[in-house]
1. Among C:219-226, A:52-59, how do they line up by average Cβ neighbours within 10 Å per residue, starting with the highest?
2. What would the Debye equation give as log₁₀ I(q)/I(0) for the range B:186-276 at q = 0.13, 0.16 Å⁻¹, counting only Cα atoms as equal point scatterers?
3. Calculated FRET efficiency, residue A:252 and residue B:78, Cβ-Cβ r, R0 45 Å, to nearest 0.05?
4. Taking H as built 1.01 Å from N, whose amide H comes closer than 5 Å to the amide H of residue C:214, not counting residues under 5 places away?
5. Which order results if C:71, B:307 are arranged by neighbouring Cβ count within 10 Å, fewest first?
6. Strictly over 19 Å apart at the Cα level, which of A:57/A:187; A:187/C:125; C:65/C:210 would you flag in this model?
7. Say each of residue B:370 and residue A:380 gets a label point 7 Å from the Cα, pointing the same way as Cα to Cβ; how far apart are those two points in nm?
8. How big is the gap, in Å, between the Cα center of the range C:98-144 and the Cα center of the range A:232-296?
Amino acid sequence: MSTPASITDAGIDWPTLGELAHTLTFTAGFNAAVVVASASLLGVAAGIVGAFALLRKRALMGDALAHATLPGIAAAFITAALLGGQGRRLEVLLLGAAVSGVLGVLCVQLIVRHTRLREDAAIGIVLSCFFGLGVVLLSAIQSMSVGDQGGLASFIYGQTAAMLPRDAVLTGVVALLALIAAALLIKEFTLVCFNDEFASVQGWPVARIDVLMMALVVVVTVAGLQAVGLLLIVALLIIPPAAARFWTDRVRTLVILSAILGGLSAYMGATASALLPRLPAGAVIVLTAGVVFAFSMLAAPARGLVAVGVRRVRLSARISRDHALRELVVREKTEASAITPAALASEIGLSPPAGRWLAYRLTRVGLVEREGVGLSLTDRGRTLGRRIDRNHGLWQRYLIDQADVAPSHVDLSADLVEHVLSPEMVERLEAKLTHAGGGAPA
Amino acid sequence: MSDATYAFVSLDLPAALAGVLAALTCALLGNFLVLRRQALMGDAISHAVLPGIVVGFLIAGSRATWPIFLGAAGSALVAVMLIEALRRVARVEAGAAMGVGFSILFALGVLLIEQASARGVDLDAGCVLYGQLEYVNWYPVHDWGRFWTLEHITTGYQTATTTISPDTGLPILIKEGGLPRQLWMLAAVAIAAFTFVGVFYKELRLTTFDPALATALGFRAGLMHAMLMVLVASATVAAFEAVGSILVIAMLIVPAAAARVCTDRYAVQLLASLAFALAAGVLGYIAGAFAPAWVGFEGRALNVAGTMTLVAAVLLTGAIFLAPAHGVLWRGVRRRRLALSVAVEDVLAALYRGDESGDPSRVADLPASALTLKALSVLNARGEIGRAPGGGWRLHEPGRRRAASIVRRHRLWESWLVDEMGLRPDHVHETAERLEHLTSDAGALEPDLPPRALDPHQRPIPPDDDA
Amino acid sequence: MTTLPTHRRPSERDLSARPEHSPDSPLSVHALTVAYRRKPVLWDIEYEAPIGRLVAIVGPNGAGKTTLIRTCLGLIRPAAGRVEFWGQPYRRVRTRVGYVPQRESVDWDFPVSALDVAAMGRYAKIGWCRPVTRSHKAAAMHALGRVGMDRFATRQISQLSGGQQQRVFLARALAQEADMYFMDEPLAGVDAATERAIIEILRELRGEGKTVIVVHHDIQTVPEYFDDALLLNMRVVAAGPVSEVFTKQNLQATYGGRLTLLADAAEALARAGRGEIP
């Protein structure tokens, strides 16, 4: 056995650009087109259904469900074989998968309701025990003398290439049905996910809506078994909506984006798998989704890490600017000599290098000017510094005077809040304090 | 040594031992996951080690222990940190964070395996899931004439020699060697896990039940958790080749869950989970390896990791139904027993009130349910009541005494509810009806009440017989 | 009269007012007992809510305040007794009853805007599978305007302050255009402006002849904000106009004598409200 030095040095027959273009545009032959199209549709449906599973905080229920389909597939195969039928008929196998998947979900709910075990343990129990049963049944099938059993294992890891056109059409139709149902019921699903108790008070049958949501998860999972495999189908339910969540704060947008991301991942994954040998479709689809997720997590403007990080850095820069200006204003009143950047830094709790950087920044924007080794305020800096000082005083007064009527807000310390006060809030503060009879500090 | 014995020692014993060792180690560690409500972390880790295993394998070029172990531990660590980071920094919901983290790593592993096996590398995804216990073999010494040496037990690899059989003239393969290396690895991880739990017994208890308090007291809850995760990852790696990751997941969760259903005590929890795991390992092996032959499938075997999981599932189901304190079955039995005793007391009280009001057929007021009939027949059999001459029932003396005490309880409760709880007299009957059955010692109420002979409805409270 | 303190005796008023459940009463609770795991948390509750009044449910922690309104709304099955709205069971009149749950009951990171939440109050009117039309959105917007939140209609709810979130919940109930309302601790942990805005809305609702039943944690403000009070501690200690039921004895019975100072203060306030000199 020879061991390659790395995994990339083996000769892979890279497709030509022409082949790539054909597959991407569904013109590479009927089979490939149908397979890629149905996988994409599945991705769209999984994105939509997964969005609601995520919002209902049931993302991992799909994992239990997917693992629980294995014994159903095996049992359906055995039953069909014993009855003399052809074991590997997709409809029969998927029916078995759906039945045992639903049984698995029911078991999770029974365990949670009737024992002291929590949902996470219940999911783990169902997942491993059902899968264990499936493995035993598969090993029993192996020792049976029934032909055409090779395809069964492909349900575990998925094998787009093994899909017949009619399988693909079935997958596509099922995915389309799930999509339509989710589109019709978006309002009800949103309500139940946000506030199930309110929904039930309003007369919505929450349990039945939940069952419907779970049924859609079942349908998508079962439809995706062949393409993605039961170990990874849960990823198609979770990753696209989790990625979409970084981009938006609206359910409708979340669902649409999740559908697009899911569809895109499945489309690209299925294409790559159809073109290149030895690329298992499920894994490629999930990894594509993973790349989309990573990109969303970093780059999304609303909740992406880069955006959040930049905002945080900006706020802390602003806070140290405000502290520095206030310190300089207060100092001007009492002392004649200018302060060095290092001394200023230690006054406002910064390290000397941070102080030098701050002094550089403030000088560059013209709030502060150098005076020998020291720093002094420009006119603009003085005006700004006085305003900051005044806000600080106002807010402190407010906290002292009004703390008893706004007890939940006392934890907002003056040092932080003063930096985020809008002019309108300052006006309100002044009005409030004047009304209270104190008169604002000058 | 007979051929059957030799087959048992060389094939079944090491395989069964590997399964049992893996089960025990995982069950012990699983307790802390289940109690911390992190059961799925075990699931996530055992999926997420796959890329590390493959990379370690590719680098080493063989199934050598250390590269694979390090690779797996590395990717387990990546998985744990990734999931935590997704949850804390990126604010992804906990379940989804786990799903995103482990599925991406697992997909990466699957892809790597497929790429590797394209070039004839001897590793396949199926083995990771269900293990290859058939490769965990031990060929002690074929010829008992040679001495056992330490070397024979500890050498990791078997040697195979071919000789020509003097009888048939055909070549036969003779394998000899020490215990398979999978067993050594499992044993090492088992020792590490048991030592860890033994040394940090009380620290683990504290950090599991109240991580915040533990941290406040100066115990490093986070460190404990990290060490636990490393051990879980090690167990996964040590077990994957022999028993597969599915058994690891099952054993991390199922025995601990079964113990959780049975007991509230920490030490019992740990011991019970080990007992369940041991039973699952042994019985599971028997079910997988031997049972098919017993029922007529000679020479066939089932996947042993799968049957061990199934036995564990059966044990858990049994525990859920039969556990002494929390078992569903006993709860049902207790509920039925209580319902019957309530019905019995209701019948007695109805007959007593009937006597009181001079209308002996009061039992007719009770619901004509199967439960009432059962109560009547129970009381009749005990001789507490008997058939009245004109049809219906009447109280015998033992029944009358008991009935008096029930009615006394009821009326005391009514008095207490009106006087102490400020309820209205015409509302208390229903409430007293529910409460009278739940207390056998109505005397406990008496000190709260002024002595009295009449209840709020001005009916006499029967005197206490024992007084 | 025995030597027992009066609060331990059912008052004369209670005894005379037999529960003749008039179909006009927005809420009548009869012989309601609720148990969690066989431990009773509400005992034999008897209550009839008056029309067009602001009612505070007060009592210590664990008194069963939230349990009472959740049982009224069918979220908890009672062990005994029944609840009727205008003489009918709750499921017949759902749309006429509004509910403002505790703010902590939902995940405020959920991806919806303030307007979306307010519009949820209209869903029961909209019905299955139909989209939220412009007129329903306008109604939701109007409700947001009433609580002073129309400026924040498009904000995601996690970007609102606690008080603003509470007002959005109130707007959702208003958008429902119900005839009576249950509110669970709407004034807990809100800022002064929100407290005033909510009280303003409560008074408007009363002006429209609607009954509002509010679980309230602060007994000091009860006489100022509410007309009626239901003193609850697993059982009804007293119910009726605040000026009548807010007596030192009743409050002590409710709070188990632990809050004597507060009880004194509240009674003094109540008396001052009635024009008596303390």
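FYI, it's all coordinate maths here, none of it is from the lab. Being a predicted model, the structure only gives us computed values, none of them experimental. In this analysis, Cβ positions are derived from the backbone assuming ideal geometry, glycine residues included, and neighbour counts consider all displayed protein chains.
1. On the way: C:219-226: 18.6, A:52-59: 23.9.
Top to bottom by mean Cβ count within 10 Å: A:52-59, C:219-226.
2. The Cα Debye sum returns log10 ratios of -0.48, -0.73.
3. Values: r = 35 Å, r/R0 = 0.78.
Here the calculated transfer efficiency is 0.80.
4. Those lying under 5 Å, H to H, from residue C:214 are C:55, C:56, C:57, C:183.
5. Working: C:71 24, B:307 28.
Exposure proxy ranking, most exposed first: C:71, B:307.
6. Values: A:57/A:187 17 Å; A:187/C:125 13 Å; C:65/C:210 21 Å.
Listed pairs above 19 Å: C:65/C:210.
7. In this crude spin-label approximation the distance works out to 9.0 nm.
8. 31 Å
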